[in-house]
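What follows is a short report on a single structure.
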Amino acid sequence: MKLSEFNHRRLAPSLPNGDWAQNLSRDLALSLKEGEFVEHRRREFPWADRLPPDAEGFLKWFERLEKTGPGQHDPLFDWLAESASREQMRWFLKQEVAGEAGFDDLVALTQVKIPTRAKLEMGRNYWDELGRGHEKGMHGPMLGRLAEEMGVAQSPMTEIIPESLALSNLLTAFAANRRYAYHSIGALGAVELTAPARARKVYEGLKRLGYGGDVTQYYLLHSTLDVKHSEAWNQEVLLPLATERPDLIRPIAEGAWLRLDAGAQCFARYRQEFRLVGTH
């Protein structure tokens, strides 16, 4: 929870104040804890010695994560589409909104000083996230409208499961620290790769429950647009980076796998909350 508060504070626009030195000292301790958190997660990566050494092989490995990565096609999402009640769907969305670190901001932070070809694709992705210049099409506010309609926009931190906070903290740590820039590229690519199938199931569940408009728009959009985003990310970001610098394969792979593993831990906790015994 302290890391979540730290991330909110350090990324929020603010003004100079007389306590800046004291605040930096406080934040240094939290930065060290953040580093320990990420390094602990990195030690859990099981593929360290088994990754393909070449770019083409790595890209095939990466694309297979959509089917074989942690948490993929979890039965939770069929249940959400077919059986969840309104209150259960609301609880799920409360956790998902809390775990959303802001894809547009993560891309913006990650792309700093990245090689040109990858930067250009990340810029195109960012422009789509911003609704291509139209406020109603911006993805972040779209999720915000969903949260408002569902009454989960200002949920107390005490109502959010630790796994959801950990997911958000991991993505923010990757993007906000330049030593994890390539981990962030892998993690963001994994989001684009795996989100469409889950988004489609959530959309179907919301539609079944009678929701429309602002509530369903976000998930309907991501069930289709992210397919194109993933294809472009893989070809224009991952492939050239891995081709030019094979040493980047491991951090990109780590970032992708750790993002999916953090999501899988959320899904397992969701199933526990909903008492979905024997579904996984």
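Only one of (1) of a type outside the set (Gly, Ala, Ser); (2) surrounded by fewer than 20 Cβ atoms within 10 Å (Cβ to Cβ); (3) more than 19 Å from Ser168 (Cβ to Cβ) is not met by Met122, so which one is it? Going through (1) of a type outside the set (Gly, Ala, Ser); (2) surrounded by fewer than 20 Cβ atoms within 10 Å (Cβ to Cβ); (3) more than 19 Å from Ser168 (Cβ to Cβ) one by one, Met122 breaks only (2). Do the conditions hold for Val97, that is, is it touching a residue at least 60 places away in the same chain (Cβ under 8 Å) and either at negative phi or not in a loop (DSSP other than H, G, I, E, B) (or both)? In short, no. Restricting the first member to the stretch 139-163 and to residues that are exposed (fewer than 14 other Cβ atoms within 10 Å of the Cβ), and the second to residues that are assigned to a loop (DSSP other than H, G, I, E, B), the beta-carbon pairs closer than 6 Å and six or more apart or on different chains are Met157/Met1.
Among the residues of the stretch 248-255, some residue qualifies, meaning at least one is in contact (Cβ under 8 Å) with a residue 12 or more places away in the chain and among the small types (Gly, Ala, Ser).
When the stretch 1-23 is limited to residues that are exposed (fewer than 12 other Cβ atoms within 10 Å of the Cβ) and among the small types (Gly, Ala, Ser), the one that is nearest to Leu171 (Cα to Cα) turns out to be Ala12.
Picking from Pro46, Pro70, Pro13, Pro52, which residue would you name as being over 24 Å from the mean Cα position of the chain (by Cα) and either of a type in the set (A, V, I, L, M) or not in a helix (DSSP H, G or I) (or both)? Give the derivation first.
Working: Pro46 fails: over 24 Å from the mean Cα position of the chain (by Cα); Pro70 fails: over 24 Å from the mean Cα position of the chain (by Cα); Pro13 fails: over 24 Å from the mean Cα position of the chain (by Cα).
After applying the criteria, what remains is Pro52.
Within the bounds of the stretch 192-214, is there any residue that is touching a His at 6+ places or on another chain (Cβ under 7 Å) and either over 25 Å from Glu63 (Cβ atoms) or free of Cβ contacts under 8 Å to residues at least 12 places away in the same chain (or both)? Within the stretch 192-214 (the criterion being touching a His at 6+ places or on another chain (Cβ under 7 Å) and either over 25 Å from Glu63 (Cβ atoms) or free of Cβ contacts under 8 Å to residues at least 12 places away in the same chain (or both)), the answer is no, since none of the residues qualifies. Among the residues of the stretch 119-133, those identified as in a helix (DSSP H, G or I) and among the hydrophobic types (A, V, I, L, M, F, W, C) are Leu120, Met122, Trp127. Among the residues making up the stretch 83-123, those that are touching a helix residue (DSSP H, G or I) at 6+ places or on another chain (Cβ under 6 Å) and farther than 23 Å from Pro141 by Cα are Ala84, Arg117, Ala118.
Bear in mind these aren't lab numbers, they're just calculated from the coordinates by the rules spelled out. The structure presented is a predicted model; accordingly, all values stated were derived computationally and were not measured. Glycine also receives a Cβ, built like all others from the backbone with ideal geometry; neighbour counts cover every protein chain displayed.
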